[in-house]
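Student: Structure provided below as structure tokens; questions to follow.
The values are calculated or read from the model by the stated rules, or taken from the named source; none is laboratory data. If you're wondering where the values come from, they're calculated on a predicted model, not measured in any experiment. With ideal geometry, Cβ positions are generated from the backbone for all residues, glycine too; neighbour counts draw on all protein chains shown.
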Amino acid sequence: MKFLIKNGQVIDPSEGLNKKLDVLVEDGYIVMISESIDENEADAVYDVKGCVVAPGFVDLHAHLREPGGERAETIETATMSAMNGGFTHICAMPNTSPCMDNAAIISLVLDKAKSAGFAKVLPVGAVSKNREGKELASIGEMVEKGIVGVSDDGSPVATSDLVKKALEYCIPFGIPLMEHAEDLTLTKKAVMNEGFYSTKLGLKGMPSIAEDIIVARDIIINSYVKGWLHIQHLSTEFSLNLVRDAKSRGEKVTCEVTPHHLFLNDSYLETFNTNYIMKPPLRDERDRLALIEGIKDGTIDAIATDHAPHPNEFKNCEIDIAAFGIIGFETAIPVILDLLYHKHCVSIERIVELMSINPAKIVKIDNERIGEGKKADLTVFDPDREVTINSFYFKSKARNTPFNGLKLKGTPVLTVFGERVVECKVGD
Amino acid sequence: MKNFNHRHLLGIEPLSKEDIIQILDTAKIFKGICKGTNKKFPALKGKLILNLFMENSTRTKSSFEIAEKRLGADTLNFSASASSLSKGESFYDTIKTLESMEPHIVVIRHSSPGSARFLADNINASVVNAGDGAHEHPTQALLDAYTIRETLGTLENLSIVIAGDIKHSRVVRSNIWLLKKMGNRITLSGPPTLIPRDIENLGVNVDFDFDRAIKDADVVMMLRIQRERMVESFFPSLQEFNMLYGLTRKRMRTLKKGAIVMHPGPINRGVEINSEVADSNRSVILEQVSNGIYVRMAVLFLLAGGRINEISN
């Protein structure tokens, strides 16, 4: 099988590439890149005029729900969903049931992913056994199997002592401690961001300081042990400033933000729609604008979806018992292009950095992925095509998204990973 | 007189000043009728009203029931403990079951904010919110407004103090909407732990000094303090709460001439309000309870498509 991706703008900031080029793929490898390749060379041609051809997008944060939560999602549906949304690599968070805290479960997840045959799954192991925050999980054994980081995501790493030890222990492996920053004593039974809207709606609020306290704690510990701290789904201005300051001191701190924290704020809760319920909660407009500033000034390293599928009945219920989180693979590219490229004039190169180059670096995928002889690992997207998101087309098992029906400018078109080729469709 | 243009009463926030006046005027007519010998006005004869109370309530539920009966409606009480909710049925499935009973109006009390709206979105019936968590309790605000207007002769340009557990109170939120729409000045008072963040943005003042707050008030509305708030460390003891924020006899003496004292009930004597105040001639607490019936009659009547001129002549 030989196919040609024709007339696309090939952009890979890691090799300074930004040029209109044709790409010929054969048996999962790029065999030719040239300004013009004859269509007769290929069995199939994708004319992607006006589209960007980028190295495959990498999602640092996703919940695949398998094992244990197959009613919401399976590794197969998650990896299909990822490719339909334009991702070739996705990091699997360890809060499964049983949780990913040992080599055997990591192997199981990798085997399932391999047989599913879609996007590549990069597992993240638990920091602590059973994510209980007491004893370190067998991180070294999991590294042998291929974990790219450790996290107790869903919960913060429980104690300063454990954060210190985990950061220290991970140094030789060169993997980050990925932190879900939430001071649980401040978020008990809370539903949304604490502020004017939680007051108005009578919903229990999670103060932004619940995040900031843990980010500050971890940055202090990391500066002491000189490890690698990665802040997951960062959502507040204060935390962003803490990360910015740590970076300016030369400390190894990286962070990700989600498309929904960039696009939405807590005023959306006025609808009482449970698809606006997530952790961290949608913050206020000031925080949202600060995050967009963080995108522009380079403080934010990556955009990660925090894809969190749930069965319908966990969302179609009272707001204060609804499950936290929304799905994200299939809306990330439209949301980001519409918001950052069209509304905030962020360059396509920067967006490719945030969704492909930087996250790839964090999980140690080689850069300069676009080149003759390389494995085909491409995300093709159209920055200007309007799409009305329609979850009918989603490959995810779940439908918990607040973006359904929204008209957005920009859409994924084609995802290529080795011999797997997916023509993306996320709306009309 | 124009029709009442709402299918549901989910809160005061969506109502206009004219809507509020229409409800209060209708309630006034019902009060006149009910003070006569024939207390019934069977405008809702043949209509089924479901009272879905998924959280404990005695006075609100009773008040709605009386209002429904005086309007001649068929009523059915569906309480959480008696339903299959305890067996784990979802709220959505409960709603669908109730819908099959084809009610015209559902009155709902539920602990979750937004639950009345969730019900309205999922059922083919008019919905009356009888309290959804700490969000809204519109008929309480309406009966409070009715009582203020009846007692003071006006519902505009008044200084109104609401005090106590502002954070967890649906009554205060509905009252803020209503009293602001009618053009009054509102001051909230209570311990800072019980004043929710950024509430000033709703157009109210906050004064932690209760003595200062009540000095110029025309109306002082006390809110019920729940003991569990003490366990949650919002304040250290009921006694200390009474010392700082209780409406005591000493504080009552500092009130302006003609100022009235209100409470949505049930009252905690010696906590947020002392007996000498609750039983004084400044207190309109029992009038609030009676007026609740007429206000609820008005709401049910208007939602069912009734027009004020049908009853005024």
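Student: Scan segment A:167-212 residue by residue and report those that are assigned to a helix (DSSP H, G or I) and farther than 25 Å from A:Leu229 by Cβ.
Tutor: If the condition is that a residue be assigned to a helix (DSSP H, G or I) and farther than 25 Å from A:Leu229 by Cβ, then A:Phe196, A:Tyr197, A:Ser198, A:Thr199, A:Lys200, A:Leu201 are the ones that fit.
Student: Here is a further query. Which condition number in (1) under 22 Å from B:Leu24 (Cβ atoms); (2) under 18 Å from the mean Cα position of the chain (by Cα); (3) buried (at least 19 other Cβ atoms within 10 Å of the Cβ) is the one that B:Lys180 fails?
Tutor: The single condition B:Lys180 does not satisfy is (3).
Student: Quick check: anything in segment A:45-56 touching a Ser or Thr at 6+ places or on another chain (Cβ under 9 Å) and within 21 Å of A:Ile147 (Cβ to Cβ)?
Tutor: yes
A quick yes/no check of all residues on (1) more than 30 Å from A:Phe173 (Cα to Cα); (2) hydroxyl-bearing (Ser, Thr, Tyr); (3) surrounded by fewer than 18 Cβ atoms within 10 Å (Cβ to Cβ):
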{"position": "A:Lys315", "(1), (2), (3)": "yes, no, no"}
{"position": "A:Thr331", "(1), (2), (3)": "yes, yes, no"}
{"position": "A:Ile351", "(1), (2), (3)": "no, no, no"}
{"position": "A:Val380", "(1), (2), (3)": "yes, no, no"}
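Student: Quick check on my filter: what residues within segment A:356-370 are surrounded by 14 or more Cβ atoms within 10 Å (Cβ to Cβ) and part of a loop (DSSP other than H, G, I, E, B)?
Tutor: Scanning segment A:356-370 gives A:Val363, A:Ile365, A:Asn367, A:Arg369, A:Ile370.
Student: Additional query: Given the structure, is A:Ile319 within 14 Å of chain B (Cβ to nearest Cβ) and of a type in the set (A, V, I, L, M)?
Tutor: yes
Student: Check whether at least one residue in segment A:54-63 is assigned to a loop (DSSP other than H, G, I, E, B), more than 25 Å from A:Glu368 (Cβ to Cβ) and at pLDDT 95 or above, and report yes or no.
Tutor: The answer is yes, given that some residue of segment A:54-63 is assigned to a loop (DSSP other than H, G, I, E, B), more than 25 Å from A:Glu368 (Cβ to Cβ) and at pLDDT 95 or above.
Student: Something else now. Quick check on my filter: what residues within segment A:118-134 are of a type in the set (Gly, Ala, Ser), in contact with a helix residue (DSSP H, G or I) (Cβ under 8 Å, 6 or more places away or on another chain) and not in a strand (DSSP E or B)?
Tutor: Correct list: A:Ala119, A:Gly133.
Student: Could you grab me the full set of residues in segment B:9-63 that are of a type in the set (Ser, Thr, Tyr) and under 15 Å from the mean Cα position of the chain (by Cα)?
Tutor: Within segment B:9-63, B:Ser57, B:Thr58, B:Thr60, B:Ser62, B:Ser63 meet the criteria.
Student: Determine whether segment A:291-313 contains at least one residue that is of a type in the set (A, V, I, L, M), in the same structural domain as A:Lys188 (by TED's automatic domain parsing), part of a helix (DSSP H, G or I) and over 17 Å from the mean Cα position of the chain (by Cα).
Tutor: no
Student: Separate question: Before we move on, is A:Thr199 within 11 Å of chain B (Cβ to nearest Cβ), in contact with a Cys (Cβ under 8 Å, 6 or more places away or on another chain) and either free of Cβ contacts under 8 Å to residues at least 12 places away in the same chain or farther than 18 Å from A:Ala166 by Cβ (or both)?
Tutor: no
Student: Can you say whether B:Thr60 is under 21 Å from A:Asp320 (Cβ atoms), buried (at least 19 other Cβ atoms within 10 Å of the Cβ), at pLDDT 95 or above and away from every other protein chain (no Cβ under 14 Å), as far as the supplied structure shows?
Tutor: For B:Thr60, the condition - under 21 Å from A:Asp320 (Cβ atoms), buried (at least 19 other Cβ atoms within 10 Å of the Cβ), at pLDDT 95 or above and away from every other protein chain (no Cβ under 14 Å) - is met.
Student: Moving to a separate point now. Of everything in segment A:180-196, what is within 12 Å of chain B (Cβ to nearest Cβ) and surrounded by fewer than 17 Cβ atoms within 10 Å (Cβ to Cβ)? Give them in sequence order.
Tutor: A:Thr185, A:Lys188, A:Lys189, listed by residue number.
Student: Sticking with this one: Hey, among B:Ile199, B:Ile214, which residue is at pLDDT 95 or above, more than 14 Å from chain A (Cβ to nearest Cβ) and out of contact with any Asp or Glu (no Cβ under 8 Å at 6 or more places or on another chain)?
Tutor: B:Ile214
Student: Related question: Specify the residue that is farthest from the other protein chains (Cβ to nearest Cβ); the eligible residues are those in segment B:88-138 that are over 15 Å from A:Thr274 (Cβ atoms) and of a type in the set (Lys, Arg).
Tutor: In this case the residue turns out to be B:Arg109.
Student: For segment A:222-240, check the following and say yes or no: at least one residue is at pLDDT 95 or above, of a type in the set (D, E, K, R), within 21 Å of the chain's Cα centre (by Cα) and buried (at least 22 other Cβ atoms within 10 Å of the Cβ).
Tutor: no
Student: Of all residues in segment B:284-303, how many are touching a strand residue (DSSP E or B) at 6+ places or on another chain (Cβ under 7 Å) and closer than 23 Å to B:Val127 by Cβ?
Tutor: Here the count works out to 3.
Student: Out of the residues in segment B:139-169 that are over 13 Å from the mean Cα position of the chain (by Cα) and small (Gly, Ala, Ser), which is farthest from the other protein chains (Cβ to nearest Cβ)?
Tutor: B:Gly153
Student: Tell me which residues, restricted to segment A:202-213, are away from every other protein chain (no Cβ under 11 Å), buried (at least 22 other Cβ atoms within 10 Å of the Cβ) and aliphatic (A, V, I, L, M).
Tutor: Of everything in segment A:202-213, those that are away from every other protein chain (no Cβ under 11 Å), buried (at least 22 other Cβ atoms within 10 Å of the Cβ) and aliphatic (A, V, I, L, M) turn out to be A:Met206, A:Ala210.
Student: Look through segment A:34-63, keep the residues that are of a type outside the set (Gly, Ala, Ser) and in contact with an Asp or Glu (Cβ under 6 Å, 6 or more places away or on another chain), and return whichever of them is surrounded by the fewest Cβ atoms within 10 Å (Cβ to Cβ).
Tutor: Applying the filter and picking the extreme gives A:Val45.
Student: Next up: Select, from A:Gly146, A:Gly174, the only residue that is surrounded by fewer than 17 Cβ atoms within 10 Å (Cβ to Cβ), in the same structural domain as A:Ala302 (by TED's automatic domain parsing), of a type in the set (Gly, Ala, Ser) and touching a Phe, Trp or Tyr at 6+ places or on another chain (Cβ under 9 Å).
Tutor: Going through A:Gly146, A:Gly174 in turn, just one is surrounded by fewer than 17 Cβ atoms within 10 Å (Cβ to Cβ), in the same structural domain as A:Ala302 (by TED's automatic domain parsing), of a type in the set (Gly, Ala, Ser) and touching a Phe, Trp or Tyr at 6+ places or on another chain (Cβ under 9 Å): A:Gly174.
Student: I'm trying to understand the selection: among the residues of segment A:3-25, which are charged (D, E, K, R) and touching a Leu at 6+ places or on another chain (Cβ under 7 Å)?
Tutor: Listed by number, the list holds a single entry, A:Asp22.
Student: I need the full set of residues from segment A:64-78 which are assigned to a loop (DSSP other than H, G, I, E, B) and surrounded by fewer than 24 Cβ atoms within 10 Å (Cβ to Cβ), in order please.
Tutor: A:Glu66, A:Pro67, A:Gly68, A:Gly69, A:Glu70, A:Arg71, A:Thr74
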